[in-house]
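What follows is a set of notes on a single structure, which appears directly below.
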Amino acid sequence: MEADTETQVLFERPQAMQPVRMHYCPGCTHGIVHRLLAEVMDEFDLVERSVGVAPVGCAVFAYEYFTCDMLEAAHGRAPAMATGVKRVRPDLFVFAYQGDGDLASIGIAETIHAAARGENISIIFINNAVFGMTGGQMAPTTLPGMRTSTTPEGRDLKLAGNPMRVCELLAALDGPAYLARVAVTNPRRVREAKRAIRRAFQAQLDELGFSLVEVLSTCPTRWGMPPLDALKWLDDNMVPYYPIKEFVVAEGLAEAE
Amino acid sequence: MRKMIEGSRAVAEAVGLCRPDVISAYPITPQTHIVEDLSQMVADGDIDAQYVRVESEHSAASVCLGAVAAGSRAYSATTSQGLMLMAEVLYNIAGMRLPLVITGVNRALSAPLSIWNDHQDTMALRDTGWLQLYAENSQEVLDMHIQAYKISEDDRVLLPVMVCMDGYVLTHTYESVDMPTQEEVDAFLPRYDPLYKLDPDDPYTLGAFADPSLYQEMRYEIQQDALGSKAVIKEAARDFKASFGRWMGDVLDPYQCDDAETIFIGLGTVVGTLKEWVDVKRGQGEKVGALKLRCFRPFPLEELREALGNAKRVVVVEKAVGVGAYGIVAAEVRAALYGQANMPPVTCAMAGLGGRDITFETFEEMLKRAQAGESDFFAGMRAELLEAS
């Protein structure tokens, strides 16, 4: 029988991913983003020379899911800690994985200054418009009128301020080499998200400077809706407020594709 | 009115009854229910306060500082890492002599990461100039917040108060509490009438530069008023009893200590477990007592001397470690007793770190090792883990 000799592995778990069950809620898109990150690490052959920085938030256990070295940060301090690692070991690939509470709220200063310095690190930023882990409180990225446990009547802009568009904010700086906002709500967008993560990684590998990919994500648990409804809600509500696009592409990066 | 509610809810309702003007907080486990309940109460119009959702605890503390400086009553709550992030501003609040109450929900510090209870976080802030009260149960933590504003805003004190409550053990458990009415609290705690505040018609500068010719005297005054606040804390407890009929101690609360040969000292919820255990031991004819250290700052030096004077042995149940030295509370208890006639040996038993349960078995181990003459040790250890490393 010749069939056996023609058997090929067409799909498998990336080497960069631990073979463990994740703690994320059903329907949460953290899992997809973890997978994309791991696939790109594999494709660039980075597993043996990467250091990831895990945040405080739902992804606090990210160190359980990747096979590279991981460092757990104090809340919001991942860009500064990643800076320290990268300065000592510029030969390593250094990334941070952070949510909107970690990156845009308590750690916004670290984020802005790492970007302004043009630190040669890469950040995956999960924006699901809510503090998931602590119980669904208002985040800096919570949409106007959106109900959370600390805006029970909906986010009133007069009382609770305006949402922050992180990519647009960072795009005003000269440090970033690559900034993009993506979503993972359907297969086409997942592919586009992976392409953005590839370009962000490429920016670091080419020593072009700071790179960040903002991924619009769902939180079915804290939004209080089934996973499919959450995907639709994201497309209908978050995408108009947070446009999906590349904000900064450093000169020279495009040719690297 | 008696209610069966979560400890966090009891705090939120008590704070609401104190009529804060400004509430500012950043959510952190296991403090979240307190600030969520308060945001709901503000949204429902039950509390006439501004609720400021800030980006970090550092800003939460700073918003409160500004709000009090402008002459209002403010509130925040946090825990562990959040409390550490507040630390810089907490020194400023005390140094500017601004009355404020925050709830310090007790939780272990990173690393390793832990969300469970111990006392390392608030103990690290014992020298900030904040007064620190530790609550045993839901009723006490509820009552303590009402007393805390009274103490903090007293012209003889003008120092902030941190009400410390054990994470999960107290924040997430349901107990029956007697919730006072708004009228009762209003009668006990009048609206805040600041001695001084930011006001262009009567200008002040707060937090100004103090060169070496001034700084030491300003710190001296903080120290004197912090020490003197002990009398105000006692007065508040007495007045509270007169108004509400409840007494859970002032700076200390002794339980079966009068004839006790061995006195265990604890802070917070562990005192409840200690009292149960003392009952069991008394039933077996052993003269054991429990002493609740309700107020850690100011440190009740004279009161401890008196309470411990006749004991043959003292065991301090420590839920924090003065790493590189001893248990933090035990070191201070020893200092208090130093040089006293018939000074009892003080054993420092560190336990319950990172949320490990302290049970009757833990107390039995502490007692045995104290009787055997051990002075400083960790109790309730998993020997197999240490051997493995």
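Values computed for the structure shown
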| read-out | value |
| --- | --- |
| Positions within region A:73-92 being over 16 Å from the mean Cα position of the chain (by Cα) and crowded, with 18+ Cβ neighbours inside 10 Å, in sequence order | A:ALA74, A:ALA80, A:MET81, A:THR83, A:VAL85, A:LYS86 |
| Region A:80-110, subset under 17 Å from B:ILE28 (Cβ atoms) and of a type in the set (Gly, Ala, Ser), residue farthest from the other protein chains (Cβ to nearest Cβ) | A:GLY99 |
| Leading residue by the ranking (surrounded by the fewest Cβ atoms within 10 Å (Cβ to Cβ)) among those in region A:29-55 that are in a loop (DSSP other than H, G, I, E, B) and within 13 Å of the chain's Cα centre (by Cα) | A:THR29 |
| A:THR134 vs. criteria over 20 Å from B:MET86 (Cβ atoms), within 14 Å of chain B (Cβ to nearest Cβ) and assigned to a loop (DSSP other than H, G, I, E, B) | no |
| One residue from A:ALA129, A:ALA196, A:ALA139 being within 13 Å of chain B (Cβ to nearest Cβ) and hydrophobic (A, V, I, L, M, F, W, C) | A:ALA139 |
| All positions within region B:27-40 that are out of contact with any strand residue (DSSP E or B) (no Cβ under 7 Å at 6 or more places or on another chain) and more than 7 Å from chain A (Cβ to nearest Cβ) | B:ASP37 |
| Unmet requirement for B:VAL22, which otherwise passes all of (1) buried (at least 21 other Cβ atoms within 10 Å of the Cβ); (2) more than 10 Å from every other protein chain (Cβ to nearest Cβ) | (1) |
| Residue within region B:41-64 that is away from chain A (no Cβ under 14 Å) and over 16 Å from B:VAL163 (Cα atoms) present | no |
| Region A:42-79, subset charged (D, E, K, R) and free of Cβ contacts under 8 Å to residues at least 24 places away in the same chain, residue farthest from the other protein chains (Cβ to nearest Cβ) | A:ASP45 |
| Only one of B:VAL333, B:VAL321, B:VAL315 that is within 24 Å of B:PHE296 (Cα to Cα), assigned by TED's automatic domain parsing to the domain that holds B:LYS292, touching a Ser or Thr at 6+ places or on another chain (Cβ under 7 Å) and buried (at least 18 other Cβ atoms within 10 Å of the Cβ) | B:VAL315 |
| Residue, farthest from the other protein chains (Cβ to nearest Cβ), within region B:75-100, restricted to residues that are more than 18 Å from B:ILE28 (Cβ to Cβ) and touching a Ser or Thr at 6+ places or on another chain (Cβ under 7 Å) | B:PRO99 |
| Selection from region B:150-175 of residues that are over 15 Å from the mean Cα position of the chain (by Cα) and either within 21 Å of B:CYS18 (Cβ to Cβ) or not assigned by TED's automatic domain parsing to the domain that holds B:GLY228 (or both) | B:LYS150, B:GLU153, B:ASP154, B:ASP155, B:ARG156, B:VAL157, B:LEU158, B:GLU175 |
| Test: residue in region A:169-177 that is within 14 Å of chain B (Cβ to nearest Cβ) and either buried (at least 23 other Cβ atoms within 10 Å of the Cβ) or under 23 Å from B:VAL52 (Cβ atoms) (or both) | yes |
| Residue check for B:ALA349: modelled with pLDDT of 95 or more and of a type in the set (A, V, I, L, M) | yes |
| Members of region B:117-173 found to be of a type in the set (S, T, N, Q) and in contact with an Asp or Glu (Cβ under 8 Å, 6 or more places away or on another chain), listed by number | B:ASN117, B:ASN137, B:SER138, B:GLN139, B:THR171, B:THR173 |
| Residues of region B:246-278 classified as in a loop (DSSP other than H, G, I, E, B), closer than 16 Å to B:GLN139 by Cβ and more than 13 Å from the chain's Cα centre (by Cα), total | 4 |
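The values are calculated or read from the model by the stated rules, or taken from the named source; none is laboratory data. What you see is a predicted model; the values in this text were computed from it and never measured. Quick reminder, even Gly has a Cβ in these numbers, built from the backbone with ideal geometry, and neighbours come from all protein chains shown.
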